[in-house]
Amino acid sequence: MSDNIQIFHNPRCSKSRAAMELLTEKGIEADVVKYLETPPNRETIEQVLTLLNMQPRDLMRKGEAEYSDNNLSDESLTNDQLIDALVEFPKLLERPIVVANGKAAIGRPIENIIDIL
């Protein structure tokens, strides 16, 4: 990942759009990663997890069909298996994720993003 500010963005998500508006209001030009069109690879997901200090399951949208259809609630799954699922099914990623200044935040609530800018 670059030193620039990055946002993992889904234009159909209201929280993601709100995060984009916040960055624009602050005059910040972020690298926009439309992660459903250009899914992050394993290395990127691992970096984001490290910056967020989270486990892979914490980064998953548990209400998505892909979560239940692939039995991702199974506690015996390893972190590697869960990361594989995030790579395969980017729709599972919580959003928006902003990476800035060597930190990352999920914009739920949006104030989380302000804290890392």
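The values are calculated or read from the model by the stated rules, or taken from the named source; none is laboratory data. All values derive from a computational prediction rather than experimental measurement. Reconstructed Cβ throughout: ideal geometry from the backbone, glycine too, with neighbour counts over all protein chains shown.
Remark: pairs (first residue in the stretch 65-88, over 21 Å from residue 36 (Cα atoms); second residue among the charged types (D, E, K, R); Cβ separation under 8 Å; 6+ apart in sequence or on different chains) = 73/62. May I ask you to verify whether residue 62 is part of a loop (DSSP other than H, G, I, E, B) and either of a type in the set (D, E, K, R) or surrounded by fewer than 15 Cβ atoms within 10 Å (Cβ to Cβ) (or both)? Here the answer is yes, as residue 62 does meet what is asked. For residues that are assigned to a strand (DSSP E or B) and in contact with a Leu (Cβ under 7 Å, 6 or more places away or on another chain), scanning just the stretch 92-105, find the one that is surrounded by the fewest Cβ atoms within 10 Å (Cβ to Cβ). Among those that are assigned to a strand (DSSP E or B) and in contact with a Leu (Cβ under 7 Å, 6 or more places away or on another chain), it is 103. Among the residues of the stretch 75-91, none qualifies, meaning not one is in contact with a strand residue (DSSP E or B) (Cβ under 7 Å, 6 or more places away or on another chain), assigned to a loop (DSSP other than H, G, I, E, B) and either of a type in the set (Gly, Ala, Ser) or at pLDDT 95 or above (or both). Checking 45, 113, 28 one by one, the residue that is in a loop (DSSP other than H, G, I, E, B), touching a strand residue (DSSP E or B) at 6+ places or on another chain (Cβ under 9 Å) and either modelled with pLDDT of 95 or more or not hydroxyl-bearing (Ser, Thr, Tyr) (or both) is 28 and no other.
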